[in-house]
1. What number of residues within the stretch 49-81 satisfy the criterion of being assigned to a helix (DSSP H, G or I) and touching a helix residue (DSSP H, G or I) at 6+ places or on another chain (Cβ under 6 Å)?
2. So, in the stretch 79-100, exactly how many residues are over 14 Å from HIS26 (Cβ atoms) and in contact with a Leu (Cβ under 8 Å, 6 or more places away or on another chain)?
3. Looking only at the stretch 53-81, filter to residues that are closer than 14 Å to LYS19 by Cβ and of a type in the set (Ser, Thr, Tyr); which one of those is surrounded by the fewest Cβ atoms within 10 Å (Cβ to Cβ)?
4. Would you mind finding the one in THR31, THR3, THR18 that is at pLDDT below 95 and among the polar types (S, T, N, Q)?
5. Quick check on the stretch 6-23: of everything there that is out of contact with any Leu (no Cβ under 8 Å at 6 or more places or on another chain) and in a strand (DSSP E or B), which residue is nearest to GLY95 (Cα to Cα)?
6. Would you check which residues across the stretch 69-88 are within 12 Å of the chain's Cα centre (by Cα) and under 17 Å from THR3 (Cβ atoms) and list them?
7. Criterion first (more than 14 Å from PHE80 (Cβ to Cβ) and among the hydrophobic types (A, V, I, L, M, F, W, C)) does LEU6 satisfy it?
8. Count, please, the residues in the stretch 24-48 that happen to be within 18 Å of GLU96 (Cβ to Cβ) and either among the small types (Gly, Ala, Ser) or not in a strand (DSSP E or B) (or both).
Amino acid sequence: METYSLAELSIIYNNVITKLIYRSAHLVVVTDAGYKLWYIEIDGMTQTALLHMFHESEDIGISLSGITVGGKPFQAGGYFHPNAQHHAAAIRGDGELNGF
């Protein structure tokens with residue numbers, strides 16, 4: 001398991017690009033027996049309207065792009081799981097994590 005702190009993270013939902021504002025975000029990449037899965041944990045989000053919108057939506061599929069603190073860019077698709085009460089979210093990866 002490898003963890004990368006994120007310097008930037010943006011999502012695309014309904015053809016709108018939104019740069020996420022957060023206190024901390026981490027990309028976690030798990031490789032087990034040749035299979036790779038990934039997810040992102042986001043804490044301290046200030047965009048409460050965005051969190052509430054995803055909480056009320058049945059369609060939580062997104063595209064995303066980001067840059068690690070080390071400068072490594074990546075792109076992927078995933079599912080946005082908000083936790084408005086804790087000003088947090090998780091993005092469950094769906095498919096390949098381009099750049100890794």
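1. 3
2. 4
3. Per the stated criteria, the residue is SER63.
4. Matching residue, one of THR31, THR3, THR18: THR31.
5. So the residue we want is TYR13.
6. Correct list: PHE74, ALA76, GLY78, ALA88.
7. Values: more than 14 Å from PHE80 (Cβ to Cβ): yes; among the hydrophobic types (A, V, I, L, M, F, W, C): yes.
When the stated conditions are applied, LEU6 passes them.
8. The initial filter retains those residues of the stretch 24-48 that are within 18 Å of GLU96 (Cβ to Cβ), namely 27-40.
Among the residues that remain, those that are also either among the small types (Gly, Ala, Ser) or not in a strand (DSSP E or B) (or both) are: 33-34.
Of the residues in the stretch 24-48, 2 are within 18 Å of GLU96 (Cβ to Cβ) and either among the small types (Gly, Ala, Ser) or not in a strand (DSSP E or B) (or both).
The values are calculated or read from the model by the stated rules, or taken from the named source; none is laboratory data. Quantities reported herein were computed from a predicted structural model and do not represent experimental measurements. No Cβ is skipped: glycine too gets one built from the backbone with ideal geometry, and neighbour counts run over all protein chains shown.
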